[in-house]
Amino acid sequence: MGKISSEAKQRYSEKVKQYKQSAEAILEREKNLLGLLRSEGTNAAYKRLTLVDERLNLASYYVLLNRLSLSLLGVKNEAFLNDARKSCYQSVIYLEEVVSDFVDAPFSDYSEYLEQIEEFEDEKRYRMVRKLGFTIQSVEDEFGENSKWRWSFVELEGRFATVAKNLINMKTVLAGLDPRVEGYQARVAHLDLVKYLLQRAADRYREKYEISTLRVDDFKQGIAFLQALRRIHTLLGENQNAEVVKRKIDVWRSKMETDERNNSGPR
């Protein structure tokens, strides 16, 4: 790469100034909102949902700043990308605090969390999930396939799949799966997306196990996501799909136990 001219640096500095200011403003709002959370106990869950959205906006600014660096200077800005990655994580953490981080559990185990956000409409939940997924994917794409964070994103994607699932109120969703009920399309789309995310999370953990770590914990986590997927199919009365997933779980578990016995990783 050639030397970056002073003119290019100047253009870059002027261009990024306003976006850096916007990012700093988001961080200041986050600080103030966290202060309110510590001093006030009311509407804590809704305040955290606001923080989720703010952090996603912040991640988008960092992605934009990196793209400006690529466009004007010809270099990737790893610092901005790491800040974007951390912001995605923080968004997920805030959402876990609202809806729990239970991967495979009966709805009754985390239903009390959702009681705190009953007025958060299904359409808004689905939009939040889509925004979270889009932002994570954008950051991952900016890093590229050969990034040192490649396998770290498996965990982030898995935690995203979990909160996307846990945002759904399983107590009311079945009654809402009637085309005549307002919000029907958002609920169906949200459920379909969750099924896809759970399957992808399972596959990604299996891939991580096979290619990178050979750690049985990664294999077990992949199976946990399959079990969560099977639970969703069962709740929705999709018995054939549930049986397909059950067979896959059995195959994976058998493979895992064989690898453990051999103590030599996958073959």
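All of the numbers you see were taken from the coordinates with simple rules; none came from a lab. What you are looking at is a predicted structure, and each value in this text was computed from that prediction instead of being measured. Here Cβ is always computed from backbone atoms with ideal geometry, including for glycine, and neighbour counts include all displayed protein chains.
Couple of notes before you dig in:
- Residue check for R231: part of a helix (DSSP H, G or I) and not hydrophobic (A, V, I, L, M, F, W, C): yes
- Of the residues making up segment 119-156, those that are more than 10 Å from the chain's Cα centre (by Cα), among the acidic types (D, E) and surrounded by 15 or more Cβ atoms within 10 Å (Cβ to Cβ) number 4.
- The number of residues in segment 137-185 being farther than 30 Å from E119 by Cα and small (G, A, S) comes to 3.
- Top-ranked residue in segment 84-118 [being charged (D, E, K, R), within 16 Å of the chain's Cα centre (by Cα) and part of a helix (DSSP H, G or I); ranked as surrounded by the fewest Cβ atoms within 10 Å (Cβ to Cβ)]: K86
- Some residue of segment 90-105 being touching a residue at least 40 places away in the same chain (Cβ under 8 Å), out of contact with any strand residue (DSSP E or B) (no Cβ under 7 Å at 6 or more places or on another chain) and over 30 Å from I223 (Cβ atoms): no
- Candidate set from segment 234-267 (those that are of a type in the set (A, V, I, L, M) and assigned to a helix (DSSP H, G or I)); member that is surrounded by the most Cβ atoms within 10 Å (Cβ to Cβ): V245
- Test: residue in segment 189-212 that is touching a Lys or Arg at 6+ places or on another chain (Cβ under 7 Å) and assigned to a loop (DSSP other than H, G, I, E, B): no
- Flag for S69 being in a helix (DSSP H, G or I), under 16 Å from the mean Cα position of the chain (by Cα) and among the polar types (S, T, N, Q): no
- Checking each residue in segment 38-53 for being without any contact (Cβ under 8 Å) to a residue 40 or more places away in the chain and in a helix (DSSP H, G or I) picks out R38, S39, K47, T50.
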